[in-house]
Amino acid sequence: MPISHRPYATEADKIQMAALASQFRAEHLHVIDLPYRLSSWALDDPENVHLWFNEDGQLVAWAALQTPFWTMDYVCNPTADKNLHRNILAWVDERAAKLADTKYGHPAWFATTFAGQADRIRDLEDAGFACQADVGEDSWSKVLMQRSGQTPVKVYQPPAGFTVRPLAGEKEVEAYVALHRSVFESKNMTADWRERTLQHPAYDPNLDLVVESPNGRLVAFCICWRQKRADGSLVGQVEPLGCHKDFRQYALGRVALSHGLHRLQSAGVQEIFLETDSYRNTAFRLYESFDFHVIQDVLVYRKDYSSDSD
C-alpha cells in the first residue's frame, strides 16, 4: 500500500492527529492529554512533526519530536503497512540529526511503549534504542494508572488562608509559568505554550485548578482533561500536577488533586488516568491513596545522538 508523508501544516492536522490517537487509544500512552502536549513550543517549527497517509489520503501515523519532554510522541495505526513503524523511526533519526545544534535538539531522545507491545519493542531495539528499565542507578520506567469515576473522591480542603480555584485565564499565565518552572526545575514551560492550552477546543477552565496562598501567590496546580470515547462515555486524565517545594508541608498537591478528581467525577467522567514514574515513591503512593492502580507497565527507550557522529 503506497504511503505518502509530509511535515505538519495547519491546525487541522492536530485535529486529525488527536482523532487517530483516540481511534487506537489502547495502543498509545498519550491520548487524552494531547491538547496539552501538542500545544508545546516544539511545534513552533512544523518540521518537528511529520504525518503519514495511506493511498486514500487517510492519516495512518504521526510523530513529533517533543523537545520539552526529550521524547518522541507518535501514534501509528497498527493495521497499516507493516513497515510504517520503522519508517517513523527512520524519520526520527533524520530529524534528530538535523536538530542536534539547534534549540530543539538533544543529545538523546526517548520513546515509550507498553511492556506487551513486542513488535514495537523489536523495532525500537533494531533502530538502536535501548530499554532504560535496568541500567543501574539511572534506570527509568513508567506506569499508566487508572481509577474508576464511580469511586467516591475524598476531597481535602486547603489550610486556612489558602484557596483552590480555577486559573484566572490569560492574565494569570505568567504567574503559572513561574510556578511550573519552579516545580519542575526547568524553563521548558513558556507563556505561549500555556496560552495555547487555554485556547484549545478541548480545554475546560473549570478543570484548570491552582492553589493560591494567603498572600496571593500561586503555589500548586492540577490540570485535568476529559474526552468523549466513540461509545459516548467520558474519560479523563490528570496532567500536569505540581506543588512548589516551599509549600509541600501543607500537602497542597493532594489538595489540588482531590479537587481535580472531584470535578472530573462531577462532569460524568467514568475512568480517570494518569502517568507517573514506576519508582513507587511519594507521588505513586499519593495516587494509590486516591484508588489509582497500575493498568500498564510502560518501558522507556533511549537513543543517543551526537552532533559529531555519523
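Can you pull out every residue in region 276-294 that is buried (at least 18 other Cβ atoms within 10 Å of the Cβ) and part of a strand (DSSP E or B)?
Passing the criteria: only Thr276.
Going by the conditions given, is Glu212 among the charged types (D, E, K, R), at pLDDT 95 or above, outside the structural domain of Lys14 (by TED's automatic domain parsing) and over 23 Å from the mean Cα position of the chain (by Cα)? It would help to see each step written out before you state the result.
Working: among the charged types (D, E, K, R): yes; at pLDDT 95 or above: yes; outside the structural domain of Lys14 (by TED's automatic domain parsing): yes; over 23 Å from the mean Cα position of the chain (by Cα): yes.
The answer is yes for Glu212.
With of a type in the set (A, V, I, L, M) and farther than 28 Å from Asn48 by Cβ as the only criterion, which of Ala175, Ala100 stands out?
Details: Ala100 fails: farther than 28 Å from Asn48 by Cβ.
Every option except Ala175 fails the conditions.
So, in region 126-169, of the ones that are under 25 Å from the mean Cα position of the chain (by Cα) and of a type in the set (Ser, Thr, Tyr), which residue ends up farthest from Thr71 (Cα to Cα)?
The qualifying residue farthest from Thr71 (Cα to Cα) is Thr151.
Would you call Ala96 within 18 Å of Phe129 (Cα to Cα), under 22 Å from the mean Cα position of the chain (by Cα), outside the structural domain of Glu275 (by TED's automatic domain parsing) and outside any helix (DSSP H, G or I)? Give the steps one after another, and end with the answer.
Details: within 18 Å of Phe129 (Cα to Cα): yes; under 22 Å from the mean Cα position of the chain (by Cα): yes; outside the structural domain of Glu275 (by TED's automatic domain parsing): yes; outside any helix (DSSP H, G or I): no.
Answer is no for this residue.
May I ask you to verify whether Ala80 is touching a residue at least 24 places away in the same chain (Cβ under 8 Å), touching a strand residue (DSSP E or B) at 6+ places or on another chain (Cβ under 8 Å) and in a loop (DSSP other than H, G, I, E, B)? I'd like the intermediate steps shown before the answer.
Working: touching a residue at least 24 places away in the same chain (Cβ under 8 Å): yes; touching a strand residue (DSSP E or B) at 6+ places or on another chain (Cβ under 8 Å): yes; in a loop (DSSP other than H, G, I, E, B): yes.
For Ala80, the condition - touching a residue at least 24 places away in the same chain (Cβ under 8 Å), touching a strand residue (DSSP E or B) at 6+ places or on another chain (Cβ under 8 Å) and in a loop (DSSP other than H, G, I, E, B) - is met.
May I ask you to say which residue of Ser182, Ser141, Ser148 is of a type in the set (Ser, Thr, Tyr) and touching a His at 6+ places or on another chain (Cβ under 8 Å)?
Numbers: Ser141 fails: touching a His at 6+ places or on another chain (Cβ under 8 Å); Ser148 fails: touching a His at 6+ places or on another chain (Cβ under 8 Å).
One residue alone meets the criteria, Ser182.
Of all the residues that make up region 20-33, how many are in contact (Cβ under 8 Å) with a residue 40 or more places away in the chain and either more than 15 Å from Gln237 (Cα to Cα) or of a type in the set (A, V, I, L, M, F, W, C) (or both)? Before the answer, list the steps.
Taking region 20-33 as the starting set, the residues that turn out to be in contact (Cβ under 8 Å) with a residue 40 or more places away in the chain are 20-25, 27-33.
The next check asks that each one be either more than 15 Å from Gln237 (Cα to Cα) or of a type in the set (A, V, I, L, M, F, W, C) (or both); those that pass are 20-21, 23-24, 27, 29, 31-32.
Count: 8.
For region 42-57, does any single residue satisfy the condition of being of a type in the set (A, V, I, L, M), part of a strand (DSSP E or B), at pLDDT 95 or above and closer than 21 Å to Leu144 by Cβ?
To start, the set of residues in region 42-57 that are of a type in the set (A, V, I, L, M) comprises 42-43, 49, 51.
Subsequent filtering for residues that are part of a strand (DSSP E or B) retains 49, 51.
Of the ones still in play, those that are also at pLDDT 95 or above are 49, 51.
Within this subset, residues satisfying the condition of being closer than 21 Å to Leu144 by Cβ are none.
Within region 42-57, none of the residues are of a type in the set (A, V, I, L, M), part of a strand (DSSP E or B), at pLDDT 95 or above and closer than 21 Å to Leu144 by Cβ.
Which is more than 17 Å from the chain's Cα centre (by Cα) and not assigned by TED's automatic domain parsing to the domain that holds Lys187, of Arg86, Arg25, Arg37?
Within the list Arg86, Arg25, Arg37, the selection yields Arg86.
The values are calculated or read from the model by the stated rules, or taken from the named source; none is laboratory data. These figures come from a predicted structure and were not determined experimentally. In this analysis, Cβ positions are derived from the backbone assuming ideal geometry, glycine residues included, and neighbour counts consider all displayed protein chains.
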